[in-house]
Amino acid sequence: MAQAHSHSTAPEKQDSNARRLLIAFTITAVFMVTEVTGGLLSGSLALLADAGHMLTDAAALFVALLAVHFSRRPANSRHTFGWLRLTTIAALLNAIALVLITIFIVWEAIRRFYQPQPIAGTLMLVIAFAGLLANLVALWVLHRGSGEKNLNVRAASLHVMGDLLGSVGAIVAALVILWTGWTPIDPILSIFVSCLVLRSAWRLMKESINELLEGAPNAVDIDELKRNMSRELPEVRNVHHVHLWMVGEKPVMTLHVQVDPPTDHDALLERIHHFLAHEYQIDHATVQMEYQDSKGHECDLNRTGGDYHMGHHH
């Protein structure tokens, strides 16, 4: 027997995510224009680097808004999970864009070591400080509520964090230039900030790709889950054919559970769902109950010609 629990994203949570993304997009777009203007007028690569991050961020936040909008579309017979996977795709695109813009900034910084340019330190300092304030507000907006659990909002937060670091770097570079006149500090700090952002973007890219490849979330150890279920539920003798993946920010699981014949089948099934939900935050699980010993406990989805176990086709 199999049982599935429905999982749907709470409308109020989606509305909250959309509002935060819209506010952050507006702030980012306005100050992106400001930093581009300030960078061109002052000749500061640090400001232009931060403006480049903001340009990418504005596009990323816009994509994130579109993803939230389409993820609200209801499931149908063709898209049985709805459009939740769009949030993961948007996060991956954000990470790729951030990597590309970071590579460009590093290249430009290296070029400036060989071709130094004069920099207007005072204008650079004013614009960088305004950008820092804008990024702090945007980051605060994105981190309110439960948005940190949403991969798409986390991707947007990562972009804003990169902008914030860029603003800090630009402020430091402006102060050094004003006090000492040493302009190489501008490309040096641009490279430093870019490396920090690149490291975080790489992690986000790996996490997004793992979700698109139907990989299990890093927070869940499948072997440990099987051991814990057998220990916590005495009727459970074996857990196998376990598949766990993410749809948007929601974990989805299917599993076969070999059990002793229960006096109350529904009660045991409810206990299994309760265990998964409370111990591993898996609210959508399809459980196949078995009373006979299964000869093959592992399912090979890649086997040519089909793989049959216990009368079920996998």
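The values are calculated or read from the model by the stated rules, or taken from the named source; none is laboratory data. On a predicted model such as this, the values are computed, not experimentally measured, just so you know. Glycine gets a Cβ as well: all are built from the backbone with ideal geometry, and neighbour counts include every protein chain shown. Surface accessibility is based on the protein's heavy atoms, side chains included, excluding ligands, DNA and RNA. Shrake-Rupley method; radii C 1.70, N 1.55, O 1.52, S 1.80 Å.
With the alpha-carbon atoms of the stretch 33-91 aligned to their principal axes, the span from lowest to highest coordinate is 56, 14, 10 Å, starting with the largest. Here the label points at I103 and H265, each 7 Å from Cα along the C-beta direction, are separated by 5.7 nm in the simple model. Taking each residue as 0.36 nm, the span from Y291 to I96 lengthens on full extension beyond its C-alpha to C-alpha distance by 65.4 nm.
Once the chain from N76 to D223 is taken as fully extended at 0.36 nm per residue, the excess over their C-alpha distance is 49.6 nm. Extension gain, H278 to F62: 0.36 nm times the residue separation minus the Cα-Cα distance gives 74.3 nm. The Rg/Rh ratio for the stretch 186-256 is 1.26, where Rg is the radius of gyration of the alpha carbons and Rh is the Kirkwood radius. Quick one: if the Förster radius is 30 Å, what FRET efficiency do T37 and L175 give, using the C-beta to C-beta distance and rounding to 0.05? Working from the Cβ atoms, E equals 0.90. Rolling a 1.4 Å probe across the protein heavy atoms gives the stretch 59-118 an accessible surface of 59 Å² per residue. Stokes-Einstein, applied to the Kirkwood radius of the stretch 90-210 over Cα pairs at a viscosity of 0.692 mPa s and 37 °C, places its translational diffusion at 216 µm² s⁻¹. Under 5 Å from the amide H of R237 lie the amide H atoms of Q258, V259, D260, each residue being 5 or more positions distant or on a separate chain, with H modelled from the backbone and absent for Pro and chain starts. Compare the Cα positions of L196, P217, V247 along the charge dipole of the stretch 190-250 (+1 at Cβ of Lys, Arg; -1 at Cβ of Asp, Glu; about the Cα centre) and return the one farthest towards the positive end. Toward the positive end, the furthest listed residue is L196. The charge dipole of the stretch 89-198, taken about its Cα centre with unit charges on the Cβ of Lys, Arg, Asp and Glu (plus for the first two, minus for the last two), comes to roughly 160 debye. Over the stretch 129-283, the Kirkwood radius and the radius of gyration, each from Cα atoms, give a ratio Rg/Rh of 1.23. Under 5 Å from the amide H of Q288 lie the amide H atoms of L255, H256, V257, each residue being 5 or more positions distant or on a separate chain, with H modelled from the backbone and absent for Pro and chain starts.
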